[in-house]
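See structure below.
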Amino acid sequence: MQKWSQDVTKLNHVEIAKLEKDGLDVIQSLDKYAKEGFAAITADDFDRFKWLGLYVQRPKTDEFFMLRVKIPGGVLTAKQARVIAEISKKHGRELLDITSRHSIQFHWIRVQSLPDIFEKLADVGLTTVAAAGDCPRNIVSSPLAGIDPDEIFDASMIVRELNRFFEYNRDFSNLPRKFKISITTAPHNSIHAEINDVAFTPAQKELHGKIVQGFHVAVGGGLSAEPQLAKDVDIFVRPEEVLKVSAAVATIFRDYGYREKRNHSRLKFLVADWGMEKFTEELLKITGPFVTRGTDLTRNWNKGFFHGVHKQKQSGLSYVGLTIPAGRMSASELEKIAGLADAYGDGEIRTTNSQDIVLINIPDQKLEGLLTEEIVNKFSPDSQSFLATAVTCTGKEFCPFAVAETKHSIQEIAQYLDEHISLEEPIRLSISGCKNSCGQPQISDIGLQGNVVLVDGKAIESFEVWLGGILGPSASFATKLSGLVTKEKVGQALVEMIGFYKENKVKAESFTDFVNRIGFGALQDKLNAFVVNKTA
């Protein structure tokens, strides 16, 4: 018997519903709901729809859904991209968002459209299953897997193996909460390893006189209201052992994870309570013995950005990283990008967890022509705009949890910054519409988190300001400054703080290094002139 099911009286209402009907079983009700319409969907099945990548779109009375399509490791073919664009044109008002886990999200979806959408996706090998819900989510990997000159080997096969194992797997379709896996063999930590439930990062170890390449493992990372950095497990994992370890961590989470309170159910809470000695002991009971950690090959953190034109490890080929502003594009724009992938490359596209797109396998002799294309100029690989390095969540425009709008706000803020200040060193600017941290403010140079402030008795959108987030070897979360700033004042406040940084930084010093050196008090002083304090 699974440990968590021994006392059902302590389970929250979502857990009770999952015992009555597994999230994956909502697939069986799809045709019924498509025929009978939105009003026929039960309250519990609205929750179970998440296992199909579906969230009710704001406002619920309009009867639309957001729909997320999984792109494991960010690997997408031009044919698949065209189908996504076709679906968006037919059912989603031509609007598409790239998420912070490689996926692509539709809006304006009617339940009546779902059978047609799912059929079209299945025809090209895509699915929305497990794009959300209390199950293993889309797997994050380096978007340069297989082409990166710096990677120690290609992890693409492992990503595909993990995806095949967990997708539709009823042994892991009822976890306490979402379960996020990331994996890379590159040294730049583009997968944001420290904020995943289980992360595999490059390592090597001498075994029997030979250097063996593999992975180190960290568990229990996550953001939201109580962010925690993933903690290292003292084991060295060979490539063929990644699946075994992933399944074992998921098993521990399933059997021992907390199911009483939804806001205290992520793996990070179990890891924090148990400590790594107990967690490792339980892990090895399932996997059997491992050798201890070897040499860590992670060197830095590239913040997930792959902009520009760069040589691949394959001679004569390059990749081109496009900047998709706030991760949002139209269906027609995705179609054009798919056309470029076919015309200039081998028909493969990569999405990134920084919400951009990479065109790969471009022969050197075709680069000049590619760079003159209109859509490439629009999504310029060389953009110096603050928007080029901005990450956002869906925001209040569509998400029922958000209290602040994000996609349009970040464009307005970035435009103001571009008009008033310039940078030699890029700044990772992020914006999240609520405390759930989907926009990742805690791991950004400057993070904005949505809130509401009362001004003359009227509720006004506002933001908390977080500074100094960094991952990689010196990982630490951003610090939240005191007070709230209304949306209209955010740009001015950031210009003041970034200007202070430019005037006082040492040569080649990043914004976050400057913040940590100078201290938060000086930045708080700059922010105070723009703060309104009373919240709704």
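The values are calculated or read from the model by the stated rules, or taken from the named source; none is laboratory data. For clarity, every value in this text was computed on a predicted model and none was experimentally measured. Note that we place each Cβ from the backbone using ideal geometry, even for glycine, and neighbour counts take in every protein chain shown.
Please specify each residue of segment 156-197 satisfying the condition of being closer than 12 Å to Ser246 by Cβ and either in contact with a Leu (Cβ under 8 Å, 6 or more places away or on another chain) or part of a loop (DSSP other than H, G, I, E, B) (or both).
Selection gives Ile158, Glu161, Leu162, Phe165, Asn169, Phe172, Phe179, Lys180, Ile181, Ile183, Asn196, Asp197.
Got a number for residues in segment 71-109 being more than 20 Å from Gly146 (Cα to Cα) and not in a helix (DSSP H, G or I)?
15
Which members of segment 154-200 meet the condition of being at positive phi and not hydroxyl-bearing (Ser, Thr, Tyr)?
Selection gives Asn189, His192.
Return only the number of the condition from (1) under 25 Å from Glu167 (Cα atoms); (2) within 23 Å of the chain's Cα centre (by Cα) that Gln112 does not satisfy.
Gln112 satisfies all of (1) under 25 Å from Glu167 (Cα atoms); (2) within 23 Å of the chain's Cα centre (by Cα) except (2).
Which condition number does Ile431 fail, the rest of (1) more than 20 Å from Arg101 (Cα to Cα); (2) buried (at least 17 other Cβ atoms within 10 Å of the Cβ) being met?
Ile431 satisfies all of (1) more than 20 Å from Arg101 (Cα to Cα); (2) buried (at least 17 other Cβ atoms within 10 Å of the Cβ) except (1).
What's the number of the only condition in (1) over 21 Å from the mean Cα position of the chain (by Cα); (2) part of a helix (DSSP H, G or I) that Phe253 fails to meet?
(1)
Can you tell me which of Pro441, Pro473 is at negative phi, surrounded by 24 or more Cβ atoms within 10 Å (Cβ to Cβ) and out of contact with any helix residue (DSSP H, G or I) (no Cβ under 9 Å at 6 or more places or on another chain)?
Only one candidate qualifies: Pro441.
Under 8 Å between Cβ atoms, at least 6 apart or on separate chains: pull out the pairs that start in segment 48-70 with a residue that is farther than 13 Å from Trp108 by Cα and end on any residue that is part of a strand (DSSP E or B) and acidic (Asp, Glu).
So the pair list comes out empty.
Going through segment 208-228 one residue at a time, which ones are surrounded by fewer than 19 Cβ atoms within 10 Å (Cβ to Cβ) and either at pLDDT below 95 or part of a loop (DSSP other than H, G, I, E, B) (or both)?
The answer is His208, Gly209, Ser224, Ala225, Glu226.
Considering (1) out of contact with any Gly (no Cβ under 9 Å at 6 or more places or on another chain); (2) buried (at least 20 other Cβ atoms within 10 Å of the Cβ); (3) farther than 15 Å from Ile357 by Cα; (4) of a type in the set (Val, Ile, Thr), say which one Val69 fails and leave the rest.
For Val69, the exception is condition (1).
Restricting to segment 302-322, and then to whatever is of a type in the set (Gly, Ala, Ser) and in contact with a helix residue (DSSP H, G or I) (Cβ under 8 Å, 6 or more places away or on another chain), can you tell me which residue is nearest to Asp148 (Cα to Cα)?
Ranking the candidates gives Ser318 first.
Residue check: is Val309 surrounded by fewer than 18 Cβ atoms within 10 Å (Cβ to Cβ), part of a strand (DSSP E or B), in contact (Cβ under 8 Å) with a residue 24 or more places away in the chain and under 26 Å from the mean Cα position of the chain (by Cα)?
When the stated conditions are applied, Val309 passes them.
Considering segment 477-511 alone, what residues qualify as being of a type in the set (Ser, Thr, Tyr) and either in contact with a helix residue (DSSP H, G or I) (Cβ under 8 Å, 6 or more places away or on another chain) or part of a loop (DSSP other than H, G, I, E, B) (or both)?
Thr479, Ser482, Tyr501, Ser510, listed by residue number.
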